[in-house]
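Only one structure is covered here, and it is reproduced in the block below.
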Amino acid sequence: MRKIVHIDMDAFYASVEQRDDPELRSKPVIVAWRGNRSVVCAASYEARRFGVRSAMPASQAERLCPGGVFVPPDFPRYVTASRMAMQIFKQYAESIEPLSLDEAYLDVTVNKVGLPTATRVAMAIRKQIREELHLTASAGVAPNKFLAKIASDWRKPDGLFVIQPETVNEFLPSLSIARLPGVGKVTERKLLEIGVRTVADLQGLDLAVLQDQFGRYGVRLYELARGIDDSEVVAHRPTKSISAEDTFQHDVSLAQTEPMIRHLAERVWVASRREARIARTVILKLKTSEFHILTRSHTPHLPPCSCEEMTNTALSLRDRVALSPQQRFRLVGVGLSNFQDLDSMPAQPLLFG
């Protein structure tokens, strides 16, 4: 029987900003660049009460929360805080699987400090994060990763929830199907169409029915509905690339791709900041009106340290497209690749005690 802890830092980017600037504490902080094309990187719990969420357009967040305090992202500081949190995790567990800068799975079936239970480990980690980083973290403890992640969200913020092996069958049935990993809007809609709203409803379906409706994912749904998740905590699960692309309503010239490149670059940048590793290479993808695909990439000496720097690199890659000015394009994409571990990157100076 495994003992898994999932640690999730509370409103991480916004919490770092509030910690480092006392004037922001207790205020609705929205971490985002202002502008029609910007998206929210993070929102404090004060801002979330107004409906502000990450990945929401910044203009929408401003409408929902007129008194919100917009703070431009400072990702080097967030990386520094993440590194320190990961160092704390390493004091307690050998097997750690970072999911992003602000969350990770820990397998504490056998912990490094000799604490008698996984719950005690989670309590100790949360206490150390509060005392050393002056941040809060929520934790979930369960016999597998799937349940531990659900548990960490159960009493946010600054909460701890434990799902004991003997309580799994009691805990699961009332859950909404939307809480199951992999159930996005499309899958949820298909489940609702066949009358499945809760895990209890899902438990009532035969495996054959789920396989018929969802293919191989039907097996996964069948197992999750019964609390089965045999996936191990994997210390290294490297991201190869992150990208976003879009098709124009009408074919455009190379010069006219700039607004879309800027929009896509910000989407990719925000997504990349959730990673526990740093990307070195910027990629530009273009598809001509004749459906020919062109890609250009650049790996600078130092990785892009801001959205603006990444965007400028993506825009500069257009200069390497040697086609006629009359050429038209139907699609553009922006990506990041060549991810490296934080430990291999130059460290930021310590900004807090």
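The values are calculated or read from the model by the stated rules, or taken from the named source; none is laboratory data. Remember, it's a predicted structure, so these values are computed and weren't measured experimentally. Note that we place each Cβ from the backbone using ideal geometry, even for glycine, and neighbour counts take in every protein chain shown.
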Any pair with Cβ under 8 angstrom, 6 or more apart, that starts in region 281-296 at a residue that is closer than 14 Å to Glu245 by Cα and ends at one that is surrounded by 18 or more Cβ atoms within 10 Å (Cβ to Cβ) and aromatic (Phe, Trp, Tyr) = Leu286/Phe329; Lys287/Phe329; Thr288/Phe329
Within region 243-270, how many residues turn out to be assigned to a helix (DSSP H, G or I) and surrounded by 17 or more Cβ atoms within 10 Å (Cβ to Cβ)?
-> 12
Somewhere in region 25-44, is a residue at pLDDT 95 or above, farther than 30 Å from Val234 by Cβ and part of a helix (DSSP H, G or I)?
-> no
Set Val79, Val69: member being crowded, with 17+ Cβ neighbours inside 10 Å, of a type outside the set (Asp, Glu) and at pLDDT 95 or above | Val69
Is it the case that some residue within region 264-284 is closer than 19 Å to Val321 by Cα and of a type in the set (Asp, Glu)?
-> no
Of residues in region 141-155 being touching a residue at least 60 places away in the same chain (Cβ under 8 Å) and among the charged types (D, E, K, R), the one nearest to Asp10 (Cα to Cα) = Asp153
Residues of region 275-329 being part of a helix (DSSP H, G or I) and closer than 21 Å to Trp33 by Cβ, which ones?
-> Cys307, Glu308, Glu309, Met310, Thr311, Asn312, Thr313, Ala314, Leu315, Ser316
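Residue-by-condition table, conditions (1) within 19 Å of Val162 (Cα to Cα); (2) surrounded by fewer than 19 Cβ atoms within 10 Å (Cβ to Cβ); (3) out of contact with any strand residue (DSSP E or B) (no Cβ under 9 Å at 6 or more places or on another chain):
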{"site": "Ser54", "(1), (2), (3)": "no, no, no"}
{"site": "Tyr92", "(1), (2), (3)": "yes, no, no"}
{"site": "Leu101", "(1), (2), (3)": "no, no, no"}
{"site": "Leu106", "(1), (2), (3)": "yes, no, no"}
{"site": "Val110", "(1), (2), (3)": "yes, yes, yes"}
{"site": "Gly140", "(1), (2), (3)": "yes, no, no"}
{"site": "Asn144", "(1), (2), (3)": "yes, no, no"}
